[in-house]
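Input: a single structure, listed below in structure tokens.
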Amino acid sequence: MLKIEHLQKTFHPGTINENKIFKDLNLTVEDGDFVTVIGSNGAGKSTMLNTVAGSIIPDGGSIVLNGKDITTMHEVKRAKYIGHVFQDPMMGTAPNMWIMENLALAYRRGNKHTLKWGMPKGEELELYKTQLAKLGLGLEDRLTTKVGLLSGGQRQAITLLMATIKKPELLLLDEHTAALDPKTAAVVLEISDKIVKEHNLTTLMVTHNMQNAIDYGNRLIMMHEGAVVFDVRGEEKKKLTVEQLLHKFNELETF
Amino acid sequence: MIMATIQSGIAQGLLWAILTIGVFLTFRVLDIPDLTIEGTFPLGAAITVVLINNGMNPMLAMLICILAGAVAGLVTGILHTKFAIPAILAGILTQIALYSVNIRIMSDKATVALSADSFKTMITDLFPAGTSPNTISIVVGLVMCFIIIELLYYFFGTELGCAVRATGSNQKMARALGISTDTMINLCLAVSNALVALAGSLIAQFDYGSALVNMGQGTIVIGLASVIIGEVIFVRKERNFGFKMAAVSAGAIIYRTIIALALTLPWMKATDLKLITAVIVAFALAIPAWQAKTGRKKNSKKAAKEVE
């Protein structure tokens, strides 16, 4: 369970650029929840994910993940518990390294890096192959291909696999299909859904595509000015339409 | 005459190869051109020569110089990672600081000659009397390079080594996977500078016979030139890490041999060395662009033929 309570964050305090992004953000995500997050630009969606991941440290409030207070825990330390996929497909993988080297790094996520041989073999290699085969992109035969030579969609699929190959307590998907062409985006989204369901992962997925936000996951939240303004789950969420969501947006904008 | 020149070029090149591997680690693995080495190279020489002259066992003196090199690299690393000083500037700061440190080590002298039995003397005693110094240098250089490449090849295949390479390739990703990128950068800078200090130590003993306070000048350019020459000539397709290190070592040998041959030309002066260096480096840097152009021409000819 992820519990965000009374979160506060101001960028550039005391300057002309002062930006109070969170005044009092509260959100509780139950185990196994797959939450889609929508909201206009500047609503604080990505900042929320980055604060949970630890690349931004909040000014106040608390973030508790499965009983651990991670509010100020170092980004590198909390990486053990959190899988993070970014919007930019170039960001989630090491381009100069092989597919299997990338996966091996992800497989050791959160472990100490020792002087043991770091190249996967035996069972571990078989695991990579079966997991890659599940992506259905033919990557299981290209273990020693440099990731930098792959397409954006292939890289993003590998990033997803890397974020989940060691089951994380929380998966963060930050507009992870926004930089892909529509067809590839759909493929990567399907893969994401499959992986989340297979491992029953607690997931936060930020998206600008409202249809996707309705179709995927069991809960939808809308953010506005650093707060959750709309929160639906289950059957009620399934009945939502894009028009209804747009209407909600327009209501907020007029205030 | 020419054979002797080539031989001395190879002998020198094999010692400079150790420096080149150090440059390769920062420039290619971390993607940082580390200028600290212009200070660590004479540091290695100064420590070794002064300690040996004071009666220390040469092997122990070299071990201390390797450690001192690692510490110098760590200083640059800490300036860069903990105090967010850009890597190039951090390297320059350590480098100029080392200039003063080196002069203190050398007791305010610009040159300190070796006056006691060095590692070279120890090794020479193992060979039959009358073996040429070049042959000895070549054997020592080959053995050293082999050991260093083997060790580094193993290291960069371990979990820790993979974490260092991941840091150089994509820092944001590395952090998201729980890799402490600061530690990895510091580690790589320390290893690189330790190698450069060792190169300074060996070159002082086997080539110069002394430590010079200015011997570090231009070493980064020489190192980069050797890396690029080695890559352009030998690394034409995807190769493993060990092969790449061997290739840049060969680059150092080729660079030294060209310099040695150029200096035998009757109208060349020793002071033209820097000019020759600049020409070789510019040439080596231009080769990839030139290859791309000729490659395009060949391809378009091929395509034209296919159309016909």
Could you calculate the contour length gain from B:ASN53 to B:LYS293, that is, 0.36 nm times the residue separation minus the distance between their Cα atoms, to one decimal place in nm? 80.9 nm
Can you give me the distance in nm between label points at A:VAL232 and B:PHE243, each placed 7 Å from the Cα along the Cα-to-Cβ direction? 5.8 nm
Treating only Lys and Arg (+1) and Asp and Glu (-1) as charged, each at its beta carbon, one finds that the protein assembly as shown has a dipole about its Cα centre, in Debye to the nearest 20, of 1220 debye
For chain B, what is the relative contact order in percent, using Cα pairs closer than 8 Å and at least 6 residues apart in sequence? 36 percent
Which pairs, out of A:LYS146/B:LYS293; A:LYS45/A:LYS197; A:LYS3/A:LYS80; A:LYS77/A:LYS166; B:LYS120/B:LYS274; A:LYS3/A:LYS23, put more than 21 Å between their alpha-carbon atoms? A:LYS146/B:LYS293; A:LYS45/A:LYS197; B:LYS120/B:LYS274
Apply 1/(1 + (r/R0)^6) to the Cβ-Cβ distance of A:LEU252 and B:PHE83, taking R0 = 45 Å, and write down the FRET efficiency to the nearest 0.05. 0.55
Specify the longest stretch of chain B that does not include any exposed loop site, a site being one of the chymotrypsin sites (Phe, Trp or Tyr not before Pro) with a non-H, G, I, E, B DSSP assignment and at most 10 other Cβ atoms within 10 Å. B:84-266
Which listed residue (B:ILE103, A:HIS208, B:PHE119) has the Cα farthest towards the positive end of the charge dipole for the protein assembly as shown, taking +1 on Lys and Arg C-beta and -1 on Asp and Glu C-beta about the Cα centre? B:PHE119
Out of A:GLY217, A:GLY42, A:GLY226, a Gaussian network model of chain A with alpha-carbon springs under 10 Å gives the largest mean-square fluctuation to A:GLY42
Computed over region A:10-137: relative contact order in percent, which uses C-alpha pairs under 8 Å that are six or more apart: 13 percent
Roughly how crowded by other chains is peptide A:205-218, in terms of the mean Cβ count from those chains within 10 Å of each of its Cβ atoms? 0
DSSP bridge orientation in the protein assembly as shown - percent antiparallel, rounded to nearest 5: 60 percent
Residues with amide H under 5 Å of A:LEU170's amide H, sequence separation 5 or more or different chain, H placed in the peptide plane at 1.01 Å from N; which? A:GLY83
What does the helix-only formula give at 222 nm for chain B: each DSSP H stretch with n ≥ 4 adding -39500 (n - 2.57), the total divided by the residues, and the result rounded to the nearest 500 deg cm²/dmol? -25000 deg cm²/dmol
Most fluctuating of A:GLN211, A:GLN87, A:GLN154 in the GNM of chain A (C-alpha, under 10 Å) is A:GLN211
Need the C-alpha centroid separation for region A:233-255 versus region A:151-201, integer Å. 25 Å
Helices from chain B with mean Kyte-Doolittle at least 1.0 and a Cα length along the axis of 20 Å or more, per DSSP H: which? B:2-24, B:37-53, B:58-81, B:87-105, B:133-155, B:181-203, B:219-234, B:241-264
Positive-end residue, region B:180-308 charge dipole about Cα centroid, Cβ charges, pick of B:ALA270, B:SER180, B:THR257: B:THR257
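Read the figures in this text as sums done on the coordinates, not as results from a lab. Since the model is a prediction, treat every value here as computed from it, not as a measurement. Heads up, the Cβs are rebuilt from the backbone with ideal geometry, glycines too, and the neighbour counts pull from every protein chain shown.
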